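Below: the structure, in structure tokens.
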Amino acid sequence: MEAVRPSRTAFGVAFRRATHQLHDSPPLILNDPVAVAILGPRTLPDLHAARKDLDQPVNIALRAFLVARSRYAEDCVAQAVATGVRQYVLLGAGLDTFAHRNPHPGLRVFEVDHPATQAWKRELVAAAQLPPQPSLTYAPCDFESQSLPAELAAAGFDLAAPAFFAWLGVVPYLTLPAFRTTVSFLAARPPGSGLVFDYAQPRSELPFREQIARDLFAARVAKVGEPFQLYFTPTEIARELSAFFNLEDLGSGELNSLYFALRSDHLRLYGQSGRIVSAWL
Ligand SMILES: C[S@@+](CC[C@H](N)C(=O)[O-])C[C@H]1O[C@@H](n2cnc3c(N)ncnc32)[C@H](O)[C@@H]1O
């Protein structure tokens, strides 16, 4: 992504999480009372206007994937906390609001993001007058050019203690070396640590209709300066994560069973492109 501009895709993701709060029927997949507030009053008219496009298939599928992704990560954090983990690191945090809703006493939250995106987020947090969170520490870092361990250590992260890492909506935008450098660092964390991230399957693995959807989506993100660069098949991901245990790699079917099975509306995931994986040490 561009060095000086905040991430546009981070805004797009946050916008859809906010739309979920305003327009989807209960029970929400991701209950996030801060999702609308963080975007500020200027975004409200657009959020309300988004109602008319809510039921377009492409919007349903994307919104379902994004809220399921955050929900799954937060379920994994709860699991990590239950086994004694006290550090949660959001890699490429964007406008994620977990730190402002953290329900786990004693859990420290580190938000790592590209410096330009993080500075913009901090402005939005201040403008929305969200109360300061003593458990939250910001750690600006560009995964392509800076050292994640060094930036985390400088922010007070305890390298000797286990941690859970969420890396949501970031991997497709990275180069393979940056992805592997980060995975090696995560694989060297103490036992009990874990991670969750989502990835996209290569175009060639998708049925024709999804290839068209992929092309449109890829063109859109490239246009805002954040091109997709990295794709994996589930077999490749298993290989990349060979240092980890208890891999759970979920596609649309599994995520629909987990979170959407009892819904009476149309909100559910479609297609094979996006997958979410968790793994532990
Ligand atoms: C699609 S957004 C997802 C944001 C957030 N995880 C969420 O789910 O709302 C992608 C995020 O990755 C971050 N990102 C992309 N490339 C990065 C890099 N090289 N270094 C650090 N962050 C990066 C962007 O700043 C942005 O916050």
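Principal axis extents of the Cα atoms in the stretch 1-89, from largest to smallest and rounded to whole angstrom, are 44, 38, 24.
What FRET efficiency, computed as 1/(1 + (r/R0)^6) with R0 = 35 Å and r the Cβ-Cβ distance, is obtained for SER25 and ASN246, rounded to the nearest 0.05?
Calculated transfer efficiency: 0.55.
Counting only protein heavy atoms and a 1.4 Å probe, the chain has 46 square angstrom of accessible area per residue.
When DSSP beta bridges are restricted to pairs lying wholly in the stretch 8-280, around 40% turn out antiparallel. The stretch between LEU44 and ARG209 holds 56.1 nm of extra length on full extension. This uses 0.36 nm per residue minus the Cα-Cα distance. Extension gain, ARG180 to GLN272, is 30.7 nm, computed as 0.36 nm per intervening residue step minus the present C-alpha separation.
Expressed as a whole percent, the accessible area of the stretch 1-158 that falls on carbon and sulfur atoms is 57 (1.4 Å probe). Normalised by the number of residues in the chain, the mean separation of alpha-carbon contacts (under 8 Å, six or more apart) gives a relative contact order of 21 percent.
Modelled label positions at ALA219 and ASP53, each set 7 Å beyond Cα in the direction of Cβ, lie 1.5 nm from each other. Once the C-beta distance of ALA161 and ASP75 is scaled by a Förster radius of 25 Å, the resulting FRET efficiency is 0.70 to the nearest 0.05.
Its Kirkwood hydrodynamic radius, worked out from the mean inverse distance over all distinct Cα pairs, puts the stretch 1-160 at 16.6 Å. Once the other residues with Cβ under 14 Å from the Cβ of ALA219 are scored (Lys, Arg +1; Asp, Glu -1), what is the net sum? Local net charge: +3. Overall dimensions of the chain, expressed as equivalent-ellipsoid semi-axes from the Cα gyration tensor (√(5λ), whole Å, largest first), are 26, 23, 19.
The values are calculated or read from the model by the stated rules, or taken from the named source; none is laboratory data. The model shown is predicted, which means the values in this text are computed figures rather than measured ones. Please note: Cβ atoms are built from the backbone with ideal geometry, for glycine as well, and neighbour counts cover all protein chains shown. When the accessible area is computed, the model is the full protein with side chains, heavy atoms only, and any ligands, DNA or RNA have been set aside. Shrake-Rupley method; radii C 1.70, N 1.55, O 1.52, S 1.80 Å.
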